[in-house]
Amino acid sequence: SDLHVSADGRTLSSISDVGNWLTATIVYGKDGNLVGLADGRLGSLRGLDGKPLPDKELADAEGLARTPDGGWLVSFERQHRIWRYPSLEGTPIAVNIPGDFGRQPYNGGVEALTVLPDGRIVALSEEYSERPGTVAGWIGTPTGRGSYTWQSFAYTTLPDFRPTAIAQLPDGSFAAIERAFDIVRGVRCRVMRFESAQLQPGGTVQAEEL
């Protein structure tokens, strides 16, 4: 569902939509190209009770983001929520979510999730829309008490394509992956970019295709 590579390019962490996590060391050849993975570890995401998530209804993990303190945020579909994990094998705590978060379609929730260096959360819904030609996004600002205040924005979409990943680039701008699928054409993806100035509460992001 989502994958995070450490800043030094040495390790990766990932999650699946059936509640599994995978960590590994990235192996490079002498030419600097990727040749494989080593030291792989696989486990199950846990619920608030510390037990592995029991079924797809609860375990549909989609978005993964590293927090400034070294923990993780994970967004889930079906039962829409965001949980904070101290480590991927740890027990999470629930993050307070926007009031309209639960209005997202059953299988069309937040797949694009990232955390900025100042601790703000940026989340994009795959399918929830408040006006035609866009999907909803939220910016969560930490309050200092373990919770967030939330403000919304809109993200412009093309027919069929929906955002499934987002990350901030070194120059402060943002990159997003959008995906489309149908039986005839199969899976299609495009890589998008937009300036950070577009990310404003109440605003509309218009990303450009790379």
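Could you size up the charge dipole of segment 67-170 around its Cα centre, putting +1 on the beta carbon of Lys and Arg and -1 on that of Asp and Glu, and report it in debye to the nearest 20? Intermediate results must be reported in sequence, preceding the final value.
Values: 8 positive and 10 negative charges, 49 e Å.
Roughly 240 debye for segment 67-170.
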Percent relative contact order of segment 132-209, based on C-alpha pairs within less than 8 angstrom and at least six residues apart? 26
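Per residue Cα convex hull volume for segment 150-210, in cubic angstrom?
91
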Probe radius 1.4 Å, ligands and nucleic acids left out: which of Tyr106, Tyr128 has the largest accessible area, and how do the rest follow? Tyr106, Tyr128
Could you check how much of the accessible area of segment 102-210 is carbon and sulfur, as a whole percent, using a 1.4 Å probe? 53
Rank these by accessible area, largest first, 1.4 Å probe: His80, His4. His4, His80
Accessible area in square angstrom per residue, segment 117-169, 1.4 angstrom probe: 45
Tell me, what is the percent relative contact order of the chain, built from C-alpha pairs under 8 Å that lie six or more residues apart? 11
Run through all the Cα pairs of segment 1-154 and give the fraction in each 5 Å bin from 0, expressed as whole percent. 2, 9, 18, 21, 18, 15, 9, 5, 2, 1, 0
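The values are calculated or read from the model by the stated rules, or taken from the named source; none is laboratory data. Predicted, not measured: the structure shown is a model, and the values here were computed from it. When we count neighbours, we look across all protein chains shown, and the Cβ atoms used for this are built from the backbone with ideal geometry, even at glycine. Surface accessibility is based on the protein's heavy atoms, side chains included, excluding ligands, DNA and RNA. Shrake-Rupley method; radii C 1.70, N 1.55, O 1.52, S 1.80 Å.
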